Amino acid sequence: MTRVENGSMKAIVCAKYGPPEVLEMREVEKPTPKDTEVLIKVYSTTTHFGDTRIRRAIPLLVVRLLFGLFKPKKNLVLGIELSGVVEAIGKDVKSFKPGDRVFGLTGFGLGGYAEYCCLPEKVKDGTQERKGIVIKIPDSLSISDAAAIPSGSLTALKNLQKAKISEHKKILINGASGSLGTYAVQLAKFYGAEVTAVCSAKNFKLVKSLGADKVIDYTKEDFTKKTDTYDIVYDAVMKTGRRKSKKVLNKNGIYLNNYWLSSIKEADFIFIKKLIEENHIFPIIDKTYPLSEAVEAHRYVDTERKRGNVLLKVTDEYPV
Ligand SMILES: NC(=O)c1ccc[n+]([C@@H]2O[C@H](COP(=O)([O-])OP(=O)(O)OC[C@H]3O[C@@H](n4cnc5c(N)ncnc54)[C@H](OP(=O)(O)O)[C@@H]3O)[C@@H](O)[C@H]2O)c1
């Protein structure tokens, strides 16, 4: 592909709603940071379940209201999370400088599947999911892997906090081998809970390596029909439902399924960063695709078989 003009960049655009093949590599306008924004040179992003939902327009109404009613708005660039290096800052930005390694959520503006993305330096607490959030990458984490942290770890954290997870609580995590699941297992162990991981047998080794105490193969046994009971059932993969899960909840037990969470705050992200620095959590990377193979990456995520996270590498020039 040849450059069409200065100030343009390569991006993967969701041209229509539909199968992975609707994704197209295009030259689009390179963003310019506002006074309060940072311009990030993107190194990695993920093929997130959420990206595939937007591409498929599921849930139909929500996606279409947010991203375009009849077709995606012009040059809609997917990408819910990213990692990269600050290339330039707006005149009012104080806490970042060019060269800083950063990672974050892109908010409703999306935009990770591109060479550059602008994010606000800071937004009001409670608006991060909408407007985006960016912080510096801990030294212990590679810039590439950092892209796989924000969404999965923060969503799992908000779920476990909602259930007031604590030492000795018994938690069952359904879909423990997925993005949310692998973070939920690690976080639940950090809080001292007893973890039962539900996944297929091929992923037993993975979830045990993350700390799971017990495992159930969902292809052979239905956990809702067993006699073991739990203080928390986290249906991370959203496949079982509240009514069935209630059968294995203790009195006052809590069912979680990624809905009705309190909003993500900067303090949550800083807490996640601390847990990475202290080696309590790390991202599981299943596969890495170059940006040019975004269609292939989406086909893989659509199988619903991924283990942890799937990275999209936007550039080969990794500084560290
Ligand atoms: N990831 C996020 O940050 C995030 C945030 C908010 C909401 N969500 C929502 O949460 C759900 C899960 O997201 P995710 O990213 O964690 O998914 P994911 O990584 O794509 O989940 C794939 C994993 O789920 C397992 N799995 C598939 N069917 C299963 C079943 N019936 N029972 C148990 N495990 C099963 C697969 O293991 P096998 O190969 O062994 O089947 C695979 O390892 C999605 O609906 C997503 O939209 C995700």
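A short reminder: the numbers here are calculations on the coordinates, not readings from a lab. As the structure is a computational prediction, the values presented were derived from the model and not from experiment. Neighbour counts are summed over all protein chains in view; Cβ atoms, including those assigned to glycine, are modelled from backbone coordinates with ideal geometry.
How much net charge surrounds Ile165 when only the other residues with a Cβ under 13 Å from the Cβ of Ile165 are counted, with Lys and Arg +1 and Asp and Glu -1? Mind showing how you got there, number by number?
On the way: positive: Lys158, Lys162, Lys164, Lys169, Lys170, Lys189; negative: Glu167, Glu194, Asp231.
It works out to a net charge of +3.
To the nearest 500 deg cm²/dmol, what mean residue ellipticity at 222 nm is calculated for the chain from DSSP H runs of n ≥ 4 alone, each contributing -39,500 (n - 2.57), summed and divided by the residues? Show your work: numbers first, answer last.
On the way: 10 runs with 80 residues, N = 320.
So the helix-based figure for the chain works out to -6500 deg cm²/dmol.
Here are some pairs, Lys214/Lys244; Lys208/Lys274; Lys41/Lys239; which of them have Cα atoms lying more than 27 Å apart in this structure? Before the final figure, lay out the partial values.
Details: Lys214/Lys244 20 Å; Lys208/Lys274 23 Å; Lys41/Lys239 37 Å.
Over 27 Å apart, Cα to Cα: Lys41/Lys239.
P(r) of the range 153-256 in 10 Å steps, Cα pairs, percent per bin?
17, 57, 25, 0
Given N residues in the chain, what is Rg(Cα) / (2.2 N^0.38 Å)?
Working: Rg = 19.6 Å, N = 320, 2.2 N^0.38 = 19.7 Å.
This ratio for the chain stands at 1.00.
What angle do you read, to the nearest 10 degrees and between 0 and 90, between the alpha-carbon axis of helix 266-277 and the longest principal axis of the chain?
80
In degrees, nearest 10, range 0 to 90: what is the angle between the Cα axis of helix 179-190 and the longest Cα principal axis of the chain?
60
Starting from the exponent 0.38 and prefactor 2.2 Å, build the expected Rg for the range 7-121 from its residue count and divide its actual Cα Rg by it.
On the way: Rg = 14.3 Å, N = 115, 2.2 N^0.38 = 13.4 Å.
Ratio of Cα Rg to 2.2 N^0.38 Å: 1.07.
Sequence neighbours fewer than 8 away in the same chain don't count; with that in mind, list the aspartates and glutamates whose C-alpha is under 13 Å from Lys287.
The reachable aspartates and glutamates, counting only those whose Cα sits under 13 Å from Lys287, are Asp145, Glu296.
How fast does the range 187-320 diffuse by Stokes-Einstein, in µm²/s, taking the Kirkwood radius from C-alpha pairs at 25 °C and 0.890 mPa s? Please report the intermediate quantities before stating the final value.
Values: Rh = 17.5 Å.
For the chosen part, D equals 141 µm²/s.
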